[in-house]
Amino acid sequence: MTVTTMLDRPAAHSAKTIWRNTTVVIGMTVMVSLILISVFVPVIYGVDPNDIVPIQRLKPPSVEHIFGTDAFGRDIAARVLYGGRVSLLMGALVAFFAITVGTLIGVISGYFRALDQVLMRIMDGLMVIPGILLAIALVAVSGASVRTLIFAITVPEIPRVARLVRGIVLSLREEAYVEAAIGLGTPVYKILWRHILPNTFGPLIVQATYVAASAVITEAALSFLGAGLSTDIPTWGNIIAEGRMYFRIAPWIIAFPGLFLAMMVLSINLLGDGLRDVLDPKSSFSGRT
Amino acid sequence: MLRFLIKRLIATLPVVVGVAIVVFLILRLAPGDPAAVLAGGTATPETVAEIRQKLGLDAPLLTQFFTWAGLVLHGNLGTSIITHQPVWNLILQRAEPTLSLGATTFVVSIVFAVPLGVLAAWYHQTWVDRVVMIISVLGFSIPAFVVGYLLVYLFAIDLKWLPVQGFANISRGIGPFISYITLPTITLSLFYGALIARITRASILEVLGEDYIRTARAKGLRESTVMTRHALRVAAGPIISIVGIGLAMLISGALITESVFNLPGLGRLTVDAVMSRDYPVIQGLILVLSLVYILINVLVDIAYAVVDPRIRY
């Protein structure tokens with residue numbers, strides 16, 4: 001139902017329509033600010049996040065340390081700002097890989113019936129495994145590094161993308177213009193590239209924002225549970241995990257990374273919700289299931 | 001009904017096999033030598049060889065799969081590398097807090113989220129709708145371990161209304177049980193309830209656009225009757241199926257929430273297993289929780305068939 005109504009609409013949306021949506025503007029502004037801050041931390045905030053100053057242990061926020069310090073006397077502000085880099089990297093790369101691989105699997109199983117059953121059963125199998133547990137298992141067997149984390153967080157996200165794309169491809173196959181192209185003897189790769197893929201663009205952009213938001217949360221959760229990067233690379237999750245023991249006496253260790261994490265995920269989700277309203281208004285169902 | 005049930009159960013078999021294959025392959029296809037990773041950086045070659053042999057990693061892949069699947073079918077999930085206890089026992093010992101948290105969250109989420117979703121759809125594009133949507137996007141976006149610590153700080157440390165962390169078995173009386181489970185339940189319900197409220201709103205909005213709703217209104221029925229008798233009845237289907245699909249997120253969320261509140265449940269078991277690289281335990285947890293999820297979704301489908309008058313079995 002979603003797919004056909006979406007296809008009936010004119011495909012192009014001018015940039016103007018998108019920018020008229022307040023949710024998109026708010027989400028985009030916050031997200032871009034956080035990205036800029038993370039990219040330019042070394043320039044704008046010249047404190048080393050791993051600088052241990054024993055006499056400055058567990059100091060509350062002050063002029064000198066605006067977010068306070070942790071149990072090793074490290075500056076929380078520096079750790080939080082650098083921590084954003086890992087989250088951003090995860091969000092962006094996981095969204096990219098999950099969308100790419102998911103689209104590939106979705107197109108193959110939607111277009112080539114022979115492979116459909118096998119691929120979709122594997123996707124079903126992946127989908128029923130709670131995402132965090134699957135990621136934990138993958139990290140446990142291959143050790144935590146940036147590369148294995150990206151892999152571990154991407155895998156649980158793939159099935160949703162694959163199902164979305166497969167659904168679109170299945171309904172497109174029945175469209176007259178695709179049948180016409182097949183009848184004219186157009187090579188398969190051209191049909192897929194010219195007629196099928198462009199139609200997945202709108203829903204996939206929306207899906208990509210949700211995957212990115214989910215990847216940022218999953219990375220933080222893995223770090224929090226002790227399955228993430230070691231603490232010499234600060235991440236929002238591992239700063240919070242380290243702050244747990246001192247929570248009663250030094251709540252700021254958890255509060256600031258928590259705030260940044262929440263802002264980041266919220267801004268990406270707002271962007272996604274806004275884009276969905278503009279690009280894909282009928283599909284309030286498909287985004288978040 | 002029985003035929004529908006049997007057909008539905010048979011349809012889950014390929015998924016169960018899919019899960020088994022995925023769980024089995026995770027360890028075997030990981031880059032590098034899993035035995036070495038599991039043994040840790042400081043292990044001697046003898047320890048690595050011992051682990052490899054213990055997990056049967058030295059046999060051909062297919063043999064490994066069928067040996068493992070045979071054991072699992074007999075209810076043998078293997079033994080923990082660390083405590084040498086059967087994984088199945090470990091899971092049973094830790095199940096109660098997780099089940100309690102899951103059940104309270106499930107009830108609280110549905111009791112609050114469904115009416116909120118209905119209200120938002122009813123007052124579509126008014127401030128009621130906006131407020132519900134803002135709460136739900138917040139519930140979705142703020143991770144459980146951030147909300148959890150915020151609640152602990154407010155209600156346990158600052159106001160001292162509720163205990164900070166821990167768990168009381170229901171056998172210790174309903175009072176202590178509730179006082180310990182309240183904050184974890186709120187934490188997890190914000191997340192799970194946000195999902196349900198969004199879907200309730202969306203599916204009711206969709207149903208409200210149908211012709212038969214216009215007919216019902218044209219007949220002069222009261223708006224409340226249209227909403228409860230006509231719209232909600234049909235919208236219940238999608239809501240129920242999201243409640244089921246969302247359980248995978250509920251399970252993930254429960255593991256993290258438990259960790260925040262120090263509940264001695266499956267979440268703690270998972271964290272301990274990760275810390276000590278106890279792979280058989282992680283594998284057993286994935287398998288058991290995935291099967292629970294599949295089973296609940298069969299029940300959800302049955303509920304769907306019962307509420308939706310259009311489905312005949």
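The values are calculated or read from the model by the stated rules, or taken from the named source; none is laboratory data. Every value quoted in this text rests on a predicted model; they were computed, and no experiment measured them. Here the Cβ positions follow ideal geometry from the backbone for every residue, glycine too, while neighbour counts run over all protein chains shown. Protein only, heavy atoms only, side chains kept; ligands, DNA and RNA dropped before computing areas. Shrake-Rupley method; radii C 1.70, N 1.55, O 1.52, S 1.80 Å.
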**Q.** Selected residue [under 23 Å from B:Met133 (Cα atoms), of a type in the set (S, T, N, Q) and open to solvent by 10 Å² or more (accessible area, probe 1.4 Å)] from B:Thr228, B:Thr182
**A.** B:Thr228
Q.
Being under 30 Å from A:Val278 (Cα atoms) and surrounded by fewer than 18 Cβ atoms within 10 Å (Cβ to Cβ) narrows it down to one residue among A:Leu204, A:Leu170; which is it?
A. A:Leu170
**Q.** Some residue of the stretch B:250-259 being of a type in the set (A, V, I, L, M, F, W, C), within 19 Å of B:Phe112 (Cβ to Cβ), open to solvent by less than 20 Å² (accessible area, probe 1.4 Å) and touching a Leu at 6+ places or on another chain (Cβ under 6 Å)
**A.** yes
Q. Would a scan of the stretch A:72-80 turn up a residue that is within 14 Å of another protein chain (Cβ to nearest Cβ) and within 27 Å of the chain's Cα centre (by Cα)?
A. yes
Q: Take the stretch B:244-257 and flag every residue that is more than 10 Å from chain A (Cβ to nearest Cβ) and within 24 Å of B:Phe177 (Cβ to Cβ).
A: B:Thr257
Q: Could you list, in sequence order, all residues of the stretch B:260-305 that are small (Gly, Ala, Ser) and open to solvent by less than 10 Å² (accessible area, probe 1.4 Å)?
A: B:Gly265, B:Gly267, B:Ala273, B:Gly284, B:Ser290, B:Ala305
Q) Which residue out of B:Ala168, B:Ala197 is crowded, with 18+ Cβ neighbours inside 10 Å and at pLDDT below 80? A) B:Ala168
Q) Somewhere in the stretch B:32-41, is a residue over 30 Å from B:Ala197 (Cα atoms), open to solvent by less than 60 Å² (accessible area, probe 1.4 Å), within 14 Å of chain A (Cβ to nearest Cβ) and modelled with pLDDT of 85 or more? A) no
Q | Checklist (1) assigned to a loop (DSSP other than H, G, I, E, B); (2) open to solvent by 10 Å² or more (accessible area, probe 1.4 Å) applied to B:Ile239, failing item | A | (1)
Q | Boolean, B:Ile134 is farther than 23 Å from A:Ser223 by Cβ and open to solvent by 10 Å² or more (accessible area, probe 1.4 Å) | A | yes
Q | Exclusive hit being within 30 Å of B:Leu299 (Cα to Cα) and modelled with pLDDT of 80 or more, set B:Leu2, B:Leu62, B:Leu9 | A | B:Leu9
(Q) I'd like to check which helices (runs of 4 or more DSSP H) are fully inside the stretch A:177-289 and have at least 1 residues that are of a type in the set (Ser, Thr, Tyr). (A) A:197-224, A:252-279
(Q) Which of the numbered conditions does A:Val128 fail, given that it passes all the others? Conditions: (1) touching a helix residue (DSSP H, G or I) at 6+ places or on another chain (Cβ under 9 Å); (2) away from chain B (no Cβ under 13 Å). (A) (2)
Q: Name the one entry in B:Arg198, B:Arg172 that is under 27 Å from the mean Cα position of the chain (by Cα), more than 14 Å from chain A (Cβ to nearest Cβ) and of a type in the set (D, E, K, R).
A: B:Arg172
Q. Counting only residues that are among the aliphatic types (A, V, I, L, M), surrounded by fewer than 17 Cβ atoms within 10 Å (Cβ to Cβ) and at pLDDT below 85, how many does the stretch B:74-100 have?
A. 1
Q. Between residues in the stretch A:14-28 that are part of a helix (DSSP H, G or I) and residues that are open to solvent by 100 Å² or more (accessible area, probe 1.4 Å) and at pLDDT 85 or above, which pairs lie under 7 Å by C-beta distance while being six or more apart or on different chains?
A. none
Q | Leading residue by the ranking (farthest from the other protein chains (Cβ to nearest Cβ)) among those in the stretch A:112-125 that are touching a residue at least 12 places away in the same chain (Cβ under 8 Å) and closer than 30 Å to B:Leu269 by Cα | A | A:Met123
Q | Exclusive hit being within 30 Å of B:Pro163 (Cα to Cα) and without any contact (Cβ under 8 Å) to a residue 40 or more places away in the chain, set B:Val274, B:Val226, B:Val260 | A | B:Val274
Q: Kindly indicate whether B:Arg214 is part of a helix (DSSP H, G or I), free of Cβ contacts under 8 Å to residues at least 60 places away in the same chain and among the charged types (D, E, K, R).
A: yes
Q: Mind listing whichever residues of the stretch A:231-245 are over 25 Å from A:Pro130 (Cβ atoms) and polar (S, T, N, Q)?
A: A:Thr231
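Residue-by-condition table, conditions (1) at pLDDT below 85; (2) within 26 Å of A:Phe256 (Cβ to Cβ):
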position: A:Val86; (1), (2): no, yes
position: A:Leu93; (1), (2): no, yes
position: A:Thr100; (1), (2): no, no
position: A:Gly106; (1), (2): no, no
position: A:Val118; (1), (2): yes, no
Q. How many residues does the stretch B:269-280 hold that are under 19 Å from the mean Cα position of the chain (by Cα) and more than 10 Å from chain A (Cβ to nearest Cβ)?
A. 1
Q.
On the basis of being at pLDDT 85 or above, buried (at least 24 other Cβ atoms within 10 Å of the Cβ), over 23 Å from A:Gly106 (Cβ atoms) and more than 14 Å from chain B (Cβ to nearest Cβ), does A:Pro257 make the cut?
A. no
Q: Quick one: B:Gly220 ticks every box in (1) closer than 27 Å to A:Phe224 by Cβ; (2) assigned to a loop (DSSP other than H, G, I, E, B) except a single one, so which number is it?
A: (1)
Q: Please state which of the following conditions A:Glu157 fails to meet, knowing it meets all the rest: (1) modelled with pLDDT of 90 or more; (2) in contact with an Asp or Glu (Cβ under 8 Å, 6 or more places away or on another chain); (3) within 14 Å of chain B (Cβ to nearest Cβ).
A: (2)
Q) In the list A:Phe224, A:Phe201, which residue meets the criterion of being without any contact (Cβ under 8 Å) to a residue 40 or more places away in the chain and touching a Phe, Trp or Tyr at 6+ places or on another chain (Cβ under 6 Å)? A) A:Phe224
Q) Do we find that B:Leu289 is touching a residue at least 12 places away in the same chain (Cβ under 8 Å), outside any helix (DSSP H, G or I) and closer than 30 Å to B:Tyr149 by Cβ in this structure? A) no
Q.
Can you pull out every residue in the stretch B:172-201 that is assigned to a helix (DSSP H, G or I) and without any contact (Cβ under 8 Å) to a residue 12 or more places away in the chain?
A. B:Arg172, B:Ile174, B:Gly175, B:Pro176, B:Ile178
